[in-house]
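Only the coordinates and a few stated rules stand behind these numbers; no lab work does. All values derive from a computational prediction rather than experimental measurement. When we count neighbours, we look across all protein chains shown, and the Cβ atoms used for this are built from the backbone with ideal geometry, even at glycine.
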Amino acid sequence: MLLKDRVCVITGAASARGIGKATARLFAAQGGRVAILDLDAGQAEAASRDIGPGHLGLACDVTDKAACRAAAEEVIGRLGRIDVLVNNAGITQPLKIMEIEAANYEAVMDVNLRGTLYMSQAVIPALRAQRSGSIVCMSSVSAQRGGGIFGGPHYSAAKGGVLGLQKAMARELGPDGIRVNAVTPGLIQTDITGGKLTDALKAEISKGIPLGRLGVADDVANACLFLASDLSSYITGAVIDVNGGMLIH
């Protein structure tokens, strides 16, 4: 049990085939008590029930700083503490550079980057008080290779910003015993990508992936478990690629 009795907060984790839900399920299986945060309270609560008893589902808009703080306080009030945060909430838009309007830019930046900042700020005081904790930030291969599949340039920029923020937090929070790392998934088959991936497109994309297949949500969840647990106790400021070799540095 790699996460026995640890309280793990995962944002954007209500979607049935999403990375967040897969991570919540895995964390629960490893002994963690999971708080699923999502925009809709009913969906978050249903997702928490789905992974088993003793877990929590809460509504939280990660772009709202007060809402993030309130969610963190409720988790502590009901589960006693916070040990792990997975900043998973994110959105993407398949736009070309000249198609990006102010509203597009603000929406993608707000959820992916501002949300990562606000939710991290909400849990940091509790982690500092106990002088321990792990924060996992969800970036993307899009930040590293400049998009080129589904996300537009503003998505690449937001996820690139997540990497910069994660590294800066790791440097600042290390003396407090808090580790901050990131995961950069490649093309993962989730609800977001599901409607856009035909069998022909999957086959074509797989040709450029050394491991010969597209990723699934559990592939990313496994990396998050490693970073959340003591298996990575001397790792901070790191970025783990989960892309089957799609991008080899």
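For the reader, a short list of remarks on this structure follows.
- Over the range 1-81, relative contact order from alpha-carbon pairs under 8 Å, at least 6 apart, %: 25
- Positive-end extreme of charge dipole, the chain - chosen from 141, 249, 28 (charges on Cβ): 249
- Entry note, the chain: relative contact order of 19 percent, from Cα contacts under 8 Å with a spacing of 6+ residues.
- Taking every DSSP bridge with both residues inside the chain, close to 0 percent are antiparallel.
- Scalar couplings 3J(HN,Hα) for the range 228-240, obtained by applying the Karplus form with A = 6.51, B = -1.76, C = 1.60 to θ = phi - 60°, are 7, 9, 6, 4, 10, 5, 10, 10, 8, x, 9, 10, 9 Hz; x denotes Gly and Pro.
- Inter-part distance where the range 146-212 and the range 1-25 are each reduced to a Cα centre, Å: 18
- Positive-pole candidate from 177, 76, 18, dipole of the chain, charges at beta carbon: 177
- Within a Gaussian network of the chain (alpha carbon springs, distance under 10 Å), most fluctuating of 118, 105, 234: 234
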